[in-house]
Amino acid sequence: MTAIAIINRDAILLRIQAGHRQTDIAKDYGITQQALSKQLCADPEFIQAREIGVNSRLERYERELEQIDGDTHPVVLARTN
């Protein structure tokens, strides 16, 4: 089952770099986040992909914050707190 993470390594790393959550990626492949992480944790490119992904998510959240105005839906405002 964990071979899935190795076989699909490149596609998984691209999704992580794009800011996708590991839990969601693992679910798409029918494995757990723990299995995904365990197979790739020693891979330097996995570590780098995680760093890039975190930055990608932060940039997306910053853009969302910059777009908040008086017409912003209360649910979106709640997410920022």
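The values are calculated or read from the model by the stated rules, or taken from the named source; none is laboratory data. Every value quoted in this text rests on a predicted model; they were computed, and no experiment measured them. Cβ placement follows ideal geometry from the backbone for every residue including glycine, while neighbour counts extend to all protein chains displayed.
Observations on the structure shown:
- Listing of helices (runs of 4 or more DSSP H) fully contained in region 2-81 that carry 2 or more residues being of a type in the set (Asp, Glu): 22-29, 44-66
- Complete set of residues in region 24-48 that are closer than 20 Å to residue 59 by Cα and of a type outside the set (A, V, I, L, M, F, W, C): 24, 48
- Evaluating residue 5 against the criteria (1) crowded, with 16+ Cβ neighbours inside 10 Å; (2) at pLDDT 95 or above leaves one unmet condition, (2).
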